[in-house]
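Visitor: Here it is, the structure in full.
Quick note: the coordinates plus some simple rules give every number you see, no bench work behind them. Being a predicted model, the structure only gives us computed values, none of them experimental. Reconstructed Cβ throughout: ideal geometry from the backbone, glycine too, with neighbour counts over all protein chains shown.
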């Protein structure tokens, strides 16, 4: 009798199922793109996807207001028409989110936290 390549999960093990691992297979959870430091400039570098540069990505599941989404799309196309070398909307969003998180790391000097406090 041939052995099956697919292993039956142990339904009685103590730890709960990880839904991402169940859907994508073992070893695919907890991976994300990481920043590295450029050896010459000392600046943070976000690796690009492409030949020889694998970047692990995960689809985000959250909601954005229609107005903000339209503004973001309009700005993306304005940048493209102006000749700015931005690959796609995901790359622009990653850069914007990285800037926002860097700002939040400033603590009480954060502009984002000041706006939140003013609400």
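Visitor: Per-residue counts of other Cβ atoms within 10 Å, averaged by peptide: what ranking do you get for 100-109, 69-78, highest first?
Guide: Ranking the peptides 100-109, 69-78 by packing returns 69-78, 100-109.
Visitor: Could you check the simple spin-label distance between residue 71 and residue 58, using points 7 Å along Cα→Cβ, in nm with one decimal?
Guide: A separation of 2.8 nm, rounded to one decimal place.
Visitor: On to the next question. Got a sec? How would 116, 86 order by Cβ neighbour count within 10 Å, fewest to most?
Guide: Ranked by crowding around the Cβ, least crowded first: 116, 86.
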